[in-house]
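Student: So that we are looking at the same thing, I have put the structure below in structure tokens.
The values are calculated or read from the model by the stated rules, or taken from the named source; none is laboratory data. This structure is a prediction, so every number in the text was calculated from the model and none was measured. Note that each Cβ is placed from the backbone with ideal geometry, even for glycine, and that neighbours are counted across all protein chains shown.
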Amino acid sequence: MEYGIGLYQRLRMPLTSQTLRALSAALSTMGQVPLNPPDVAGYPEGLEWAGTSNLLSRYNGAYTVAYTLSSTQVSQLLASIDVSRAETLLDGLLYQLGPIELGDASHAALLAYLQSGGYSGRNTARVHTKARGALHLIAATPEYQLN
């Protein structure tokens with residue numbers, strides 16, 4: 001539950017009837033039907049939930065969230081982040097989503113993604129595209145999954 005709801009909260013997404021339906025569907029595919037835990041102990045925690053299908057559902061849910069943000073929402077998210085360099089964009093996104101401290105391998109992979117194809121903080125459309133992709137990738141990292 002925290003994974004899906006946490007993404008919405010950290011990204012300051014408004015919970016409209018459309019986003020609530022999408023969130024409920026995503027949580028259900030992760031085996032976490034809202035207000036209907038599998039037993040009296042609640043929902044699985046730690047690594048108990050980490051089966052292949054649940055992880056794939058989490059990745060897909062993060063993708064849906066990242067790519068259903070409107071341009072206005074992305075602009076609002078990036079307003080407090082220095083987007084002039086890929087490094088500062090990544091640091092800002094990690095702070096927004098956590099803060100999350102990535103391991104060296106995850107950090108290098110995300111930075112390589114942001115820098116691929118060239119990076120210019122002056123190209124708003126490209127920054128928005130890269131930010132959406134980075135949000136999805138950050139939410140798929142082991143560090144975020146276990147945060």
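For every residue, the table says whether it meets (1) farther than 17 Å from Leu11 by Cα; (2) among the polar types (S, T, N, Q); (3) touching a Phe, Trp or Tyr at 6+ places or on another chain (Cβ under 8 Å).
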{"site": "Asn36", "(1), (2), (3)": "yes, yes, no"}
{"site": "Ala41", "(1), (2), (3)": "yes, no, no"}
{"site": "Ser57", "(1), (2), (3)": "yes, yes, no"}
{"site": "Gln73", "(1), (2), (3)": "no, yes, no"}
{"site": "Ser84", "(1), (2), (3)": "yes, yes, no"}
{"site": "Ala109", "(1), (2), (3)": "yes, no, no"}
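Student: Also: Which members of region 81-104 meet the condition of being free of Cβ contacts under 8 Å to residues at least 24 places away in the same chain and out of contact with any helix residue (DSSP H, G or I) (no Cβ under 7 Å at 6 or more places or on another chain)?
Tutor: If the condition is that a residue be free of Cβ contacts under 8 Å to residues at least 24 places away in the same chain and out of contact with any helix residue (DSSP H, G or I) (no Cβ under 7 Å at 6 or more places or on another chain), then Thr88, Asp91, Gly92, Tyr95, Pro99, Asp104 are the ones that fit.
Student: Closer than 15 Å to Tyr3 by Cα and part of a helix (DSSP H, G or I): is that true of Asn147 in this structure?
Tutor: Taking the combined requirement at face value, the residue does not satisfy it.
Student: In the list Val83, Val40, Val74, which residue meets the criterion of being at pLDDT below 90 and β-branched (Val, Ile, Thr)?
Tutor: Val40 is the lone residue from the list that is at pLDDT below 90 and β-branched (Val, Ile, Thr).
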